[in-house]
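Trainee: Would you mind keeping the following structure in view while I ask a few things?
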Amino acid sequence: MSTPVLDVRGLAYAYPDGHQALYGVNLHVHQGERVALLGPNGAGKTTLVLHLNGILTGGAGSVTVSGVPVAKRNLAEVRRRVGVVFQDPDDQLFMATVGDDVAFGPANLGVKGTALERRVLDALDRVGMADFVDRPPHHLSFGQRRRVAVATVLAMEPEILVLDEPSSNLDPASRRELADILTGLDVTVLMVTHDLPYALQLCPRSVILSDGVIVADGSTYDVLTDDALMSAHRLELPFGFDPRAVRASRAG
Amino acid sequence: MGAGHGHKLHYHGHSPVHRLPAHVKILTLLGFMLVVVATPRDWYLAYAGYLGLVLAVVWVSRVPASYLLKRMVVEVPFVVFALLMPFIATGTSTQVLGLSVSESGLMSAWALLAKGTLGVLASLTLAATTEPRDLLAGLERMRVPNLLVQIMGFMIRYLDVVTDEMHRMKVARESRGFTARNVRHWPVLARSAGALFIRSYERGERVHLAMLSRGYTGTLPDTRRSSRR
């Protein structure tokens, strides 16, 4: 099999205050996959995400991105390859205009002038926000800001897009628009989420992180319909949602 | 600039004052203010001249007077202080409208009002005719240290975010029946301010993480693209 885009081996991490968040995580994500990372609050999902681009390091185990180990000497390259979209777009959008914000990442990589302009417009175009290039981020709707946050990362041409709770705080229309955008992108996706219907809609494969270890890895349908597994890890389907009915209606 | 006129102090327009490069405007304002402050307070004609000059600039900029007047309320605390001065200051007293007031206090009040008003009016004119991001670019061209410009940029970006947060905290307080009516309520306000500070600090840390994630190495990269600015 080809080199996985993301290869996490035996990753363990304890915060400086002694709280151990990860106890040996193993995870492989291959080119073109869309994987949902599920788990209850406090399972270590965010800690894992922060290891993927080397914000947190120093525990045991290793993270490799398309063959490049996440280590201090490779940080710039790793951060280009792994695009993290954080949960609160106001944390991600810190420049004065949408255009400047999308330009921030590629400009850090040394892209300039017309090439930079092309990257910015192309990334905004992929999320349907090209008309907003000169707007200050604060005046956009929440859904629009989330989409721009995705564009800021797409502009770096990442090999894997890591999304932290992409559907949180979105109204149903924005949630669907974002799903359309994500399914249309030709990029590997790892999506941290509590939104199980969203996981089923977007990600063929799901893994469950619970108490700092991966406890399940399989097709999203199989994971969501394994009632014993789900309840053992504080995962619950929302009221009225049945993956079996969804599969039946998709098939029929 | 497409629709980028969202800031509360900025009045969108295309007058010569709007088009002037930001660093020229900043330096002009700075020079003007130094001259005003250095002018002896009994040169009344000079002050009339200064006011005329500022009003002329406002007229050329086509920013409505009412727009500027409304924003001049920031000066109110100084006005109150200035009005108190003739009554508090000591020295030879004189009669004004049947009241006995201090002569030196009266002069100080006049000087404070005149210089303050000119300063506020001139600064508001600058703010009304210059986009915040152009102001920052102007400061950068004036070789203001990059770190200071970055800090100001973040301030402009997050001012609204923090103000919104403050407003939500106020709504939450009032929803539970609290309104600050007198001094005894101040401790609650102080705790809110503390909570706001912590939240903003944590946001700062998250923003920093987001910056690092996109390859930030300590200096803001040049995000200018060929066909703009």
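Trainee: Here is a list: A:ASP90, A:ASP122, A:ASP101. Which entry is within 22 Å of the chain's Cα centre (by Cα), at pLDDT 95 or above and of a type in the set (D, E, K, R)?
Mentor: A:ASP122
Trainee: Take B:VAL188 and decide whether it is assigned by TED's automatic domain parsing to the domain that holds B:MET85 and either aliphatic (A, V, I, L, M) or assigned to a helix (DSSP H, G or I) (or both).
Mentor: Taking the combined requirement at face value, the residue does not satisfy it.
Trainee: Please work out if B:GLU165 is surrounded by fewer than 16 Cβ atoms within 10 Å (Cβ to Cβ), closer than 26 Å to A:HIS139 by Cβ and within 12 Å of another protein chain (Cβ to nearest Cβ).
Mentor: Taking the combined requirement at face value, the residue does not satisfy it.
Trainee: Another question, then. Being within 24 Å of A:SER168 (Cα to Cα) and more than 7 Å from chain B (Cβ to nearest Cβ) is the filter here; which residues of region A:63-87 pass it?
Mentor: If the condition is that a residue be within 24 Å of A:SER168 (Cα to Cα) and more than 7 Å from chain B (Cβ to nearest Cβ), then A:VAL82, A:GLY83, A:VAL85, A:GLN87 are the ones that fit.
Trainee: Does A:VAL8 satisfy the criteria of being in a helix (DSSP H, G or I), within 23 Å of A:THR188 (Cα to Cα) and in contact with a strand residue (DSSP E or B) (Cβ under 9 Å, 6 or more places away or on another chain)?
Mentor: No.
Trainee: Return a yes/no flag: does region B:123-132 have any residue that is buried (at least 16 other Cβ atoms within 10 Å of the Cβ) and farther than 30 Å from B:LEU55 by Cβ.
Mentor: No, region B:123-132 has no match at all.
Trainee: Same structure, new question: List every residue pair whose Cβ atoms sit under 7 Å apart, with the two residues 6 or more apart in sequence or on different chains, where the first one lies in region A:114-128 and is farther than 15 Å from A:VAL153 by Cβ and the second, anywhere, is among the hydroxyl-bearing types (Ser, Thr, Tyr) and surrounded by fewer than 19 Cβ atoms within 10 Å (Cβ to Cβ).
Mentor: A:THR114/B:SER226; A:GLU117/B:SER226; A:GLU117/B:SER227
Trainee: Residues that are within 18 Å of B:THR125 (Cα to Cα) and free of Cβ contacts under 8 Å to residues at least 12 places away in the same chain: list the helices (runs of 4 or more DSSP H) wholly contained in region B:25-89 that include at least 3 such residues.
Mentor: Passing ranges, in order: B:44-61, B:65-71.
Trainee: Shifting gears a bit: When the residues of region B:196-223 are narrowed to those that are at the interface with another protein chain (Cβ under 9 Å from one of its Cβ atoms) and of a type in the set (Ser, Thr, Tyr), which ends up surrounded by the fewest Cβ atoms within 10 Å (Cβ to Cβ)?
Mentor: If we take residues in region B:196-223 being at the interface with another protein chain (Cβ under 9 Å from one of its Cβ atoms) and of a type in the set (Ser, Thr, Tyr), then B:THR217 is surrounded by the fewest Cβ atoms within 10 Å (Cβ to Cβ).
Trainee: On to the next question. Would you check which residues across region A:170-196 are under 16 Å from the mean Cα position of the chain (by Cα) and not hydrophobic (A, V, I, L, M, F, W, C) and list them?
Mentor: Of everything in region A:170-196, those that are under 16 Å from the mean Cα position of the chain (by Cα) and not hydrophobic (A, V, I, L, M, F, W, C) turn out to be A:ARG175, A:ASP180, A:THR183, A:GLY184, A:ASP186, A:THR188, A:THR193, A:HIS194, A:ASP195.
Trainee: Shifting gears a bit: Out of curiosity, is B:LEU189 of a type in the set (A, V, I, L, M, F, W, C), over 23 Å from A:LEU140 (Cα atoms) and either touching a strand residue (DSSP E or B) at 6+ places or on another chain (Cβ under 8 Å) or within 14 Å of another protein chain (Cβ to nearest Cβ) (or both)?
Mentor: When the stated conditions are applied, B:LEU189 does not pass them.
Trainee: Another question, if that's okay. Within the bounds of region B:116-131, is there any residue that is in the same structural domain as B:GLY49 (by TED's automatic domain parsing), closer than 28 Å to B:PHE197 by Cα, under 18 Å from the mean Cα position of the chain (by Cα) and not in a helix (DSSP H, G or I)?
Mentor: Yes - at least one qualifying residue is present in region B:116-131.
The values are calculated or read from the model by the stated rules, or taken from the named source; none is laboratory data. Computed from a predicted structure; not experimentally measured. Quick reminder, even Gly has a Cβ in these numbers, built from the backbone with ideal geometry, and neighbours come from all protein chains shown.
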